[in-house]
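Right, one structure below, let's go through it.
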Amino acid sequence: MINNFNYTAHGQQDYLRLPTVNLGGTDSAFFSFNVAAAIFTDTAATNNSWDTLEVLLSTDCGLSYTSLYKKWGATLVTHANADISFFVPSAIDWRKDSVNLTPYINSGNILLAFRNITENKNNIYLDDVNVLTLTINPNLKAAGFLVTPNPATSNIQVQFYPNPFGLRGIGCII
Amino acid sequence: MGQKFAQIDVPSSGLASTINTFDISRYPAGMYVVRAVFDDRVVIKKVIKN
């Protein structure tokens, strides 16, 4: 939990750095997390400043960062109404957000971090933080077209890699 | 032989799913052919139904 409600500084930046990961050998990767956030004043209020949540990625152990996700105000909140009390989320206040890490699968060790920039509004909660990877079946990558399982008893899956551009149709023939 | 019994048509947009599923549970055991027709080629794979 990021306690912006009681964090009276403005513009203060704090980092939650995660253990480094190496995505090498995978074909796609995503960073996902659940977030719950509320604000103190209406999102339509003008001349306001907002608590900001970012997801940052570093390929040089934190010397420099690239921002992959940045939300504040109406884009960040998950609690519908402005809340002038200390925000504690209920089950319906959570949202799953994700960031595509596929461009970084060949970047060696990467460091992911959350950055909170406080404006003393209300709390932000994070949970269920995961790095998800997908590895394509090497036989599918080599052939570009695969039918599995084989032999089969019920459903068969016809898979293409990459996307089957120019495909008109698929038929099963006895 | 050569009778098509299941067909997945591709939307007119030309965008197809990377994974397509056929239910062959109600068909007798034997060898079947899955045939994918592209603009410029046809590819086939044999599949055994137990």
Just wondering, is there one or more residues in region A:153-169 that are surrounded by 15 or more Cβ atoms within 10 Å (Cβ to Cβ), more than 7 Å from chain B (Cβ to nearest Cβ), under 30 Å from B:PRO28 (Cβ atoms) and touching a Leu at 6+ places or on another chain (Cβ under 8 Å)? no
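Quick grid of which residues meet (1) without any contact (Cβ under 8 Å) to a residue 24 or more places away in the chain; (2) touching a His at 6+ places or on another chain (Cβ under 9 Å); (3) crowded, with 18+ Cβ neighbours inside 10 Å:
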position	(1), (2), (3)
A:SER49	no, yes, no
A:LEU53	no, no, yes
A:ASP60	yes, no, no
A:GLY73	no, no, yes
A:ALA82	no, no, no
A:SER107	no, no, no
A:LEU112	no, no, yes
A:ARG115	no, no, yes
Counting just the residues of region A:28-44 that are out of contact with any helix residue (DSSP H, G or I) (no Cβ under 9 Å at 6 or more places or on another chain) and hydrophobic (A, V, I, L, M, F, W, C), which one comes out farthest from A:ASN3 (Cα to Cα)? A:PHE31
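If you go through region A:80-97, how many residues are within 20 Å of the chain's Cα centre (by Cα) and assigned to a loop (DSSP other than H, G, I, E, B)?
We begin by selecting, within region A:80-97, every residue within 20 Å of the chain's Cα centre (by Cα); these are A:89, A:91-97.
Next, only the ones that are assigned to a loop (DSSP other than H, G, I, E, B) stay: A:89, A:94.
So the count comes out to 2.
Among the strands (runs of 3 or more DSSP E) lying completely within region A:1-77, list those that include at least 2 residues that are of a type outside the set (S, T, N, Q) and more than 22 Å from A:GLU119 (Cβ to Cβ). Let's see the steps before the verdict.
Values: elements: A:13-17, A:28-37, A:52-58, A:66-72.
Passing ranges, in order: A:28-37.
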Residues of region A:142-152 satisfying the condition of being among the polar types (S, T, N, Q) and within 7 Å of chain B (Cβ to nearest Cβ): A:ASN150
Would you list the strands (runs of 3 or more DSSP E) that sit entirely within region A:98-174 and hold 1 or more residues that are modelled with pLDDT of 95 or more? A:109-117, A:124-134
Select from region A:24-47 the residues that are crowded, with 20+ Cβ neighbours inside 10 Å and under 17 Å from A:SER107 (Cβ atoms) and write down the one among them that is modelled with the highest pLDDT. A:PHE31
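Just checking, which of B:VAL47, B:VAL33, B:VAL10, B:VAL37 is surrounded by 12 or more Cβ atoms within 10 Å (Cβ to Cβ), modelled with pLDDT of 85 or more, touching a Gly at 6+ places or on another chain (Cβ under 8 Å) and facing chain A (nearest Cβ under 7 Å)?
On the way: B:VAL47 fails: touching a Gly at 6+ places or on another chain (Cβ under 8 Å); B:VAL33 fails: touching a Gly at 6+ places or on another chain (Cβ under 8 Å); B:VAL10 fails: modelled with pLDDT of 85 or more.
That would be B:VAL37, the only listed residue that is surrounded by 12 or more Cβ atoms within 10 Å (Cβ to Cβ), modelled with pLDDT of 85 or more, touching a Gly at 6+ places or on another chain (Cβ under 8 Å) and facing chain A (nearest Cβ under 7 Å).
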Tell me which residues, restricted to region A:84-105, are free of Cβ contacts under 8 Å to residues at least 60 places away in the same chain and within 25 Å of A:PHE30 (Cβ to Cβ). A:PRO89, A:ALA91, A:ILE92, A:ASP93, A:PRO103
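Yes or no, residue by residue, for (1) under 15 Å from the mean Cα position of the chain (by Cα); (2) aromatic (Phe, Trp, Tyr); (3) closer than 15 Å to A:ASN123 by Cα; (4) not assigned by TED's automatic domain parsing to the domain that holds A:ILE110:
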{"position": "A:ASN22", "(1), (2), (3), (4)": "no, no, no, no"}
{"position": "A:SER28", "(1), (2), (3), (4)": "yes, no, no, no"}
{"position": "A:ILE39", "(1), (2), (3), (4)": "no, no, yes, no"}
{"position": "A:LEU63", "(1), (2), (3), (4)": "no, no, no, no"}
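The values are calculated or read from the model by the stated rules, or taken from the named source; none is laboratory data. Worth saying up front: this structure is predicted, and the values here are computed from it rather than measured. Cβ sites come from the backbone with ideal geometry, for glycine too, and all protein chains shown count toward neighbours.
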